[in-house]
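The values are calculated or read from the model by the stated rules, or taken from the named source; none is laboratory data. The shown structure was predicted, so the numbers you read here are calculated from the model rather than taken from an experiment. Quick reminder, even Gly has a Cβ in these numbers, built from the backbone with ideal geometry, and neighbours come from all protein chains shown. Remember, those area values only see protein heavy atoms, side chains included, never the ligands or the DNA or RNA. Shrake-Rupley method; radii C 1.70, N 1.55, O 1.52, S 1.80 Å.
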Amino acid sequence: MLRISIQTILRGALMAGGMGIFLAATSPLEVAAQDRMPMRIAVEGAFPPFNYLDANNKLQGFDIDIANALCEVGKFECQFIIEKWDDIIPDLVADKYDAIISSMSMSLERRQKVAFTEKYYNSPSVFIARKDSSISDVSPAALNDKILGVTSSTAQESYANHLYPEMKKKVFRSSPELYKGLADGSVDIILEDKLAIYDWIANTKAGSCCEFKGPDLVDITYFGEGAGIALRLDDKERLARLNEALKSIKADGTYDMINAKYFPFSIQ
């Protein structure tokens, strides 16, 4: 009965296109206070359509909707904290918050520092260039005289540094700055998460300048096995509770409703 009530509430909020009920991150149902586990959630807030600040300076996006659904079903008392991407793992380890729900790929390097839940979505990385570019081959040899744009402290930056060591690179602080750099010609080509840039290319005037180049990149060493929720290595109870909540929202249809709000295809 509890699951049905929560799902109904979530569905109503999503159909309305608003986030007000989620951003409070507290259950509208009467739940005993001792049943709720506090959880401070870090997000970058600069990675649309997954997490970003809207015109009213409120957090929106796929990650935020998923986080709020997990807070409801998992009985977490949640608080969102906006954090710079470069600091997001160190500050988790330093106990400044409890979880990162910010489209973090579960790379082998990150798994040495933090624990991850089961994946909550999967996306390849891809090269993107302007449509008027002569680039067709994205091999290291073919791109050797080009300038590659990447976002700081991302799996894409690590991949480029290791597999394209001879390329000149320009590192941007955020994805929106990366896209602007490609559009205005500051770089010749960029490497980015395919789902993250999908909306910019498909639905914005600025993004109409550009297109995907080459095959999808799915190297597990650098990009992991999808995006997961990061926690401290010793946080076993919260990890188990989040995995159960994730399983629940996938089973009851909540995940699919959130997915459909942002993408016309499944990203599981």
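Here is how the numbers come out for the structure above:
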quantity	calculated
Of the GluC sites (Glu not before Pro) in region 99-168, those whose Cβ has at most 11 other Cβ within 10 Å and which sit in DSSP loop	166
Overall Cα dimensions of region 123-215, principal axis frame, Å, largest first	33, 28, 24
Reachable lysines, given that their alpha-carbon falls under 19 Å from the alpha-carbon of residue 169 and they are not under 8 places away in the same chain	146, 180, 213
With Cα atoms, 0 to 90° folded angle of helix 62-73 axis to the chain main axis	20
Cα pair distances exceeding 21 angstrom across region 173-246, given as percent	47
Largest to smallest principal axis extent of the C-alpha atoms in the chain, angstrom	62, 39, 31
Angle in degrees between helix 194-203 and the longest Cα principal axis of the chain, rounded to the nearest 10	80
C-alpha long axis of helix 2-15 to longest principal axis of the chain, angle in °	40
5 angstrom amide H check on residue 81, placed H, neighbours 5+ away	41, 42, 43
Protein accessible area in the chain, 1.4 Å probe - carbon and sulfur %	52
Cross-link reach list, lysines versus residue 247, counting only Cα pairs under 28 Å and skipping chain neighbours closer than eight places	58, 75, 96, 113, 119, 194, 236, 261
Cβ-placed point charges (K, R +1; D, E -1), dipole of region 129-241 about Cα centre in debye, nearest 20	300
Cα Rg over Rh - region 88-135, Kirkwood	1.17
1.4 Å probe accessible area per residue over the chain, in Å²	46
Listed residues 197, 163, 186: farthest to the positive end of the dipole of the chain (Cβ charges)	197
Radius 15 Å from Cβ of residue 206, net charge of other residues (Lys, Arg +1; Asp, Glu -1)	-2
For region 176-188, 3J(HN,Hα) per residue [Karplus equation, 6.51 cos²θ - 1.76 cosθ + 1.60, θ = phi - 60°, Hz, x = Gly/Pro]	x, 5, 4, 5, 4, x, 5, 5, 8, x, 5, 9, 8
Protection proxy ranking of 36-46, 207-217, 74-84, 138-148 - average other beta-carbon atoms within 10 Å, highest first	36-46, 74-84, 207-217, 138-148
Cα lying deepest toward the dipole's positive end in region 123-215, options 125, 148, 214, charges on Cβ	148
Dipole magnitude of the chain, debye to nearest 20 (Cβ charges: Lys/Arg +1, Asp/Glu -1, about Cα centre)	200
Alpha-carbon centroids, region 209-244 and region 123-196: separation in whole Å	20
